[in-house]
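As structure tokens, the structure follows; a few thoughts come after it.
The values are calculated or read from the model by the stated rules, or taken from the named source; none is laboratory data. Since the model is a prediction, treat every value here as computed from it, not as a measurement. As a convention, Cβ positions derive from the backbone with ideal geometry for all residues, glycine included, and neighbour counts pool all protein chains shown. Heavy atoms of the whole protein, side chains included, go into the accessibility calculation; ligands, DNA and RNA do not. Shrake-Rupley method; radii C 1.70, N 1.55, O 1.52, S 1.80 Å.
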Amino acid sequence: MNSHWNPLPNNGLSRRELLKSSAVGFGNLALLSLLAEEAHADTSRPSAPTNNPLAPKKPMFKPRAKRVIFVFLHGGPSQVDTFDPKPLLTRDHGKPLPFAKPRIVSSATENLLKSPWEFHKYGQSGIEVSDLFPHVGSCADDLCFVRSMYGSNSRHGGALLELHTGSDTFVRPSMGSWITYGLGTENQNLPGFITICPTLTHGGVNNWSSAFLPAPYQGTPIGNASISAEQAKIPFIQNSETPKEIQRIELDLIRQVNQDRLAQTGADPALEGRINSFELAFRMQMAAPELQDISDETPATLKLYGIDEPKTKNFGRQCLMARRFAQRGVRFVQVTHSYKWDQHSDLRRDHTNNAYEVDKPIAGLLKDLKAHGLLQDTLVVIGGEFGRTPCAQGNDGRDHNPHAFTMLLAGGGVKSGFVHGETDDYGYYSVKDKVHIHDLHATMLYLLGIDHLRLTYRYAGRDFRLTDVHGNVAYNIIA
């Protein structure tokens, strides 16, 4: 008798066959658990096909915006010198702040420091904008000025992470990753989330990382802050040595090998992300080179963005590329002016130079989007990670201030020619209709047709979201 065969009474199964049969059931239970966990990530609407995670997905409700362009001014522009005029700050220049400073400050500050720049009213709305931004001021009637922003961290690293990911202490998915996860993208030949010349400091890649979200939702960096925008190209996009027919055969073989591996190991997000990245890279060979070549733009358009001037051409090119990517269906595009706005000293000189570099390009972006009919369904967000103190550091500088700063919004369903919120008489604290960074994220998602409470992803035993356990939509700024 075979020693491995030990029939049970009444023609029962052997222990080996019992375990073998049960293992299939255990496997099914595990699979069902995984599928249920994945489905729980977003039960409000059908997910994208598993073989194409970037396929467009329906929003949860009627959206006002289809895409986002985030213009990031890295370092912390001073709100009281740019978009939040404070007459009492001018009147009381040199006097002590008449109320208590925050319990925790970055470093010592002295008495009140008036703005070196005048403010003037622009457009039919009559919104006041500093002399630093005459071109942006000319777009005041298309802008929503959120003057009551505030955050939770006074340090650049934590503040950048909070602005980009919603958390200043943990590695979490970027808002661009969350938005692409929630909606997919409209152009399958380009990434859904692109960041142009991103900063490599203060969190670096974590600011555009997908973290625990699947790999296809990771931001694709084009260049970085250390090189010019003209040099910032998607690398290795053309293969002059191997014909595309041969590349296709090679990719099909690699895909088959990887899929065989998946059949053996089960779900592997990293490997699945690699398969999708190979396919996307192959498709990008056709779309990306033409898109990055701006020779088809008219001289008038190049002039609009300031690309014809030495001081504005670099950021102007970034802004023009943002319009071109948005026009081709990229869901989330970020441009970064890095890292220049941290004026602890030399405020007058450096804010003047910084504003000159970005003022015309930002206005050009807004006007060009409007001319192409894109502004109405493109949400443009403009600002830094925090503001500056109205009190002086030295005699010509300001310290970090997360308690009050201004964000500019345009298009995508927000009110135009509108001011939301207030800071105190000197611009130190947001005091009326306050908007935390979590609220900004919730509002951005709402404009895109997403309920921030329902866009979740299960990881490590809990459901995460961009706004974590916080966030309220700022309905007052929605048109």
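Check the range 429-447 and report whether any residue there is touching a strand residue (DSSP E or B) at 6+ places or on another chain (Cβ under 8 Å) and at positive phi.
Scanning the range 429-447, I find at least one residue that is touching a strand residue (DSSP E or B) at 6+ places or on another chain (Cβ under 8 Å) and at positive phi, so the answer is yes.
Do we find that residue 139 is under 15 Å from the mean Cα position of the chain (by Cα) and either more than 25 Å from residue 458 (Cα to Cα) or open to solvent by less than 60 Å² (accessible area, probe 1.4 Å) (or both) in this structure?
Considered against the rule, which asks whether it is under 15 Å from the mean Cα position of the chain (by Cα) and either more than 25 Å from residue 458 (Cα to Cα) or open to solvent by less than 60 Å² (accessible area, probe 1.4 Å) (or both), residue 139 comes out as no.
Just one of the numbered conditions (1) surrounded by 12 or more Cβ atoms within 10 Å (Cβ to Cβ); (2) under 24 Å from the mean Cα position of the chain (by Cα) is not true of residue 259; which one?
Result: residue 259 fails condition (2) only.
Out of 275, 249, I need the residue that is crowded, with 18+ Cβ neighbours inside 10 Å, hydrophobic (A, V, I, L, M, F, W, C), out of contact with any strand residue (DSSP E or B) (no Cβ under 6 Å at 6 or more places or on another chain) and in a helix (DSSP H, G or I). Which one?
275
Determine whether residue 324 is in contact (Cβ under 8 Å) with a residue 24 or more places away in the chain and open to solvent by 50 Å² or more (accessible area, probe 1.4 Å).
Criteria not met by residue 324.
Return the total of residues in the range 81-96 being touching a residue at least 60 places away in the same chain (Cβ under 8 Å) and closer than 19 Å to residue 343 by Cβ.
The total comes to 6.
Mind listing whichever residues of the range 89-119 are open to solvent by 90 Å² or more (accessible area, probe 1.4 Å) and outside any loop (DSSP other than H, G, I, E, B)?
91
Determine whether the range 362-375 contains at least one residue that is in contact with a strand residue (DSSP E or B) (Cβ under 7 Å, 6 or more places away or on another chain), within 30 Å of residue 110 (Cβ to Cβ) and among the aliphatic types (A, V, I, L, M).
no
Output the number of residues of the range 398-449 satisfying the condition of being among the β-branched types (Val, Ile, Thr) and over 14 Å from residue 478 (Cβ atoms).
Counting residues in the range 398-449 that are among the β-branched types (Val, Ile, Thr) and over 14 Å from residue 478 (Cβ atoms) gives 5.
Six or more apart or on different chains, Cβ atoms under 7 Å: show the pairs whose first residue is in the range 337-360 and at positive phi and whose second is of a type in the set (Asp, Glu) and open to solvent by 10 Å² or more (accessible area, probe 1.4 Å).
346/396
Is at least one residue of the range 220-234 within 30 Å of residue 202 (Cα to Cα), hydroxyl-bearing (Ser, Thr, Tyr) and surrounded by 14 or more Cβ atoms within 10 Å (Cβ to Cβ)?
yes
Results for (1) charged (D, E, K, R); (2) modelled with pLDDT under 95; (3) touching a His at 6+ places or on another chain (Cβ under 8 Å), shown as yes or no for each residue.
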{"site": "177", "(1), (2), (3)": "no, no, no"}
{"site": "182", "(1), (2), (3)": "no, no, no"}
{"site": "189", "(1), (2), (3)": "no, yes, no"}
{"site": "194", "(1), (2), (3)": "no, no, no"}
{"site": "200", "(1), (2), (3)": "no, yes, no"}
{"site": "207", "(1), (2), (3)": "no, no, yes"}
{"site": "211", "(1), (2), (3)": "no, no, no"}
{"site": "215", "(1), (2), (3)": "no, yes, no"}
{"site": "218", "(1), (2), (3)": "no, yes, no"}
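Based on what the data block shows, is residue 104 under 30 Å from residue 52 (Cβ atoms) and of a type outside the set (Gly, Ala, Ser)?
So residue 104 fails the test.
Among residues belonging to the range 294-312 that are touching a residue at least 40 places away in the same chain (Cβ under 8 Å) and part of a helix (DSSP H, G or I), point out the one that is most open to solvent (accessible area, probe 1.4 Å).
Filtering the range 294-312 for residues that are touching a residue at least 40 places away in the same chain (Cβ under 8 Å) and part of a helix (DSSP H, G or I), the one most open to solvent (accessible area, probe 1.4 Å) comes out as 304.
Select from the range 430-446 the residues that are charged (D, E, K, R) and either open to solvent by less than 10 Å² (accessible area, probe 1.4 Å) or in a helix (DSSP H, G or I) (or both) and list them in ascending order.
Hit for the range 430-446 is 439, nothing else.
Go over the candidates 427, 412, 471, 449 one by one and state the one that is within 23 Å of residue 168 (Cβ to Cβ), open to solvent by less than 10 Å² (accessible area, probe 1.4 Å), part of a loop (DSSP other than H, G, I, E, B) and of a type in the set (Gly, Ala, Ser).
Step by step, each of 427, 412, 471, 449 is checked, and only 427 is within 23 Å of residue 168 (Cβ to Cβ), open to solvent by less than 10 Å² (accessible area, probe 1.4 Å), part of a loop (DSSP other than H, G, I, E, B) and of a type in the set (Gly, Ala, Ser).
Could you tell me whether any residue of the range 408-423 is among the acidic types (Asp, Glu), in contact with a Lys or Arg (Cβ under 8 Å, 6 or more places away or on another chain) and either under 28 Å from residue 123 (Cβ atoms) or modelled with pLDDT under 95 (or both)?
Yes, there is a match, as at least one residue in the range 408-423 is among the acidic types (Asp, Glu), in contact with a Lys or Arg (Cβ under 8 Å, 6 or more places away or on another chain) and either under 28 Å from residue 123 (Cβ atoms) or modelled with pLDDT under 95 (or both).
Mind listing whichever residues of the range 50-99 are modelled with pLDDT under 95 and more than 19 Å from residue 329 (Cα to Cα)?
Result: 50, 51.
What pairs can you find where one residue is in the range 443-457 and over 13 Å from residue 381 (Cα atoms), the other is of a type in the set (Ser, Thr, Tyr) and in a loop (DSSP other than H, G, I, E, B), and their Cβ atoms are less than 7 Å apart, with a gap of 6+ or different chains?
Partner pairs satisfying both residue conditions: 452/467; 454/44.
Can you confirm whether the range 188-202 contains a residue that is in contact (Cβ under 8 Å) with a residue 40 or more places away in the chain and farther than 25 Å from residue 328 by Cα?
yes
Between 315, 386, which is of a type in the set (Phe, Trp, Tyr), crowded, with 19+ Cβ neighbours inside 10 Å and touching a Leu at 6+ places or on another chain (Cβ under 9 Å)?
Only one candidate passes the filter, namely 386.
Tell me the residue from 419, 380 that is in contact with a strand residue (DSSP E or B) (Cβ under 7 Å, 6 or more places away or on another chain), within 16 Å of residue 143 (Cα to Cα) and surrounded by 24 or more Cβ atoms within 10 Å (Cβ to Cβ), please.
The match here is 380.
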